[in-house]
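The values are calculated or read from the model by the stated rules, or taken from the named source; none is laboratory data. This structure is a prediction, so every number in the text was calculated from the model and none was measured. So basically every Cβ, Gly included, is an ideal-geometry build from the backbone, and we count neighbours across all protein chains shown. Just the protein is used for accessible areas: all its heavy atoms, side chains included, with ligands, DNA and RNA removed. Shrake-Rupley method; radii C 1.70, N 1.55, O 1.52, S 1.80 Å.
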Amino acid sequence: MSTVIRPACAEEAQALSDLSHRSKAHWGYDEGFMALSRDALTVRDAWIEAGMVLVAEHDAALAGVAAIAPDGDGHEVAVFFVDPAMMGKGIGADLFQAMVGLAAESGIAKLGILSDPNAAGFYEKMGARPIGMEPSDAIPGRELPYLEMDVPKR
């Protein structure tokens, strides 16, 4: 079994958005929550065109997606999801390291991460540091962990 990390292709935007949605739903959120989250889980064509979306394939199947997007005067992890069927195989760690490498190659010094509470521990394990709580970009009144990752220079 092998995992390959590669840049996303334009025609994959919908499949990657679907993967993001499936992964978020894995945590047991109800239909109303998922409907409000749909836009935040969408992989944007502009991110793919800018070369800022990575895909993890495991045995030739879509296994994960990571995207970096501008956020104010910095950059953020816009989406980061592993297909539920592929969780626990190390794909997330490989994808995260590749995303940090992409950030370094792009001259990005720091990544902000507005995290689902279920994923905050993963990001900390990967080296991100908790900063505090921030408002959700999808659910009014919801607060989420906010973390930052210093990107090592290459």
Inset, instruction - Mind telling me which of the residues 124, 148, 76, 134 ends up being assigned to a helix (DSSP H, G or I), out of contact with any His (no Cβ under 9 Å at 6 or more places or on another chain), open to solvent by 10 Å² or more (accessible area, probe 1.4 Å) and among the charged types (D, E, K, R)? - result: 124
Inset, instruction - Please enumerate the residues belonging to the stretch 41-84 that are at pLDDT below 95 and of a type in the set (Gly, Ala, Ser). - result: 60, 61, 72, 74
Legend entry - residue 37 among the small types (Gly, Ala, Ser), touching a Lys or Arg at 6+ places or on another chain (Cβ under 8 Å) and open to solvent by less than 30 Å² (accessible area, probe 1.4 Å): yes
Legend entry - Subset tally (residues that are open to solvent by 10 Å² or more (accessible area, probe 1.4 Å) and over 23 Å from residue 110 (Cβ atoms)) for the stretch 58-73: 5
Inset, instruction - Return yes when residue 55 is assigned to a loop (DSSP other than H, G, I, E, B) and either without any contact (Cβ under 8 Å) to a residue 12 or more places away in the chain or open to solvent by less than 40 Å² (accessible area, probe 1.4 Å) (or both) and no when it is not. - result: no
Legend entry - In the stretch 1-21, residue most open to solvent (accessible area, probe 1.4 Å) [restricted to those that are in contact with a helix residue (DSSP H, G or I) (Cβ under 7 Å, 6 or more places away or on another chain) and at pLDDT below 95]: 10
Inset, instruction - Those residues that are open to solvent by 10 Å² or more (accessible area, probe 1.4 Å), touching a residue at least 40 places away in the same chain (Cβ under 8 Å), aliphatic (A, V, I, L, M) and not in a helix (DSSP H, G or I), I need them from the stretch 88-116; list them, please. - result: 108, 109
Legend entry - residue 46 touching a residue at least 24 places away in the same chain (Cβ under 8 Å) and under 25 Å from residue 105 (Cβ atoms): no
